[in-house]
1. Taking the Cβ of each residue in 129, 8 as the centre, tally the other Cβ atoms inside 10 Å and list the residues starting with the fewest.
2. What distance in nm separates the two pseudo spin-label positions at residue 93 and residue 13, each 7 Å out from Cα along the beta-carbon direction?
3. By count of other Cβ within 10 Å, fewest leading, how are 122, 103 ordered?
4. Between residue 58 and residue 115, what FRET efficiency comes out of the Förster formula 1/(1 + (r/R0)^6) with R0 = 30 Å and r the beta carbon distance, rounded to 0.05?
Amino acid sequence: MNTEALGEAILAAIPRNVVPRVHEGQIPEGSEPKLPWVIAQLRLPQIRERSLAATPIVTSAHLQLTVAAGTHTGVLQIVDDLMGIDRHRLSVDGWECGPILVHNVRRPEVDRSLTITGTAAHAVFTVLEARLTVSAMPVVGA
């Protein structure tokens, strides 16, 4: 069971034509974020399972995408494009995966702590939350 492969497959499912900058975890410290951007955060299962004939343990993997743009319309357009991930089914060695299900999109908000360079405007952001059911396939002969 390789949770790294599962995480990479989930991140690879994010449409890259939507926004050129998808950061994992957070914007790199000391960098000037250029809008628009998406921050992807994953919570993956941490199961250790070794058996010849065990029933796989079913659990969830969670994906949170924080989207930022210069305007409400910009954020909503990116979220609309990101919705292409909804119901996408992954194929990952060692895992059985259900479809990615988007279960929440928060209302866009203005981030008053982040001013767009060279303007007096503030960035607008929202959060898209999704999850998928995963089960590690039993390790046979290990």
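1. Neighbour counts put them in this order, fewest first: 8, 129.
2. Result for the modelled spin labels: 2.0 nm.
3. 103, 122
4. Here the calculated transfer efficiency is 0.10.
Read-outs: derived from the displayed coordinates by stated rules, not from any lab. Model, not experiment: these values are computed from the prediction. In this analysis, Cβ positions are derived from the backbone assuming ideal geometry, glycine residues included, and neighbour counts consider all displayed protein chains.
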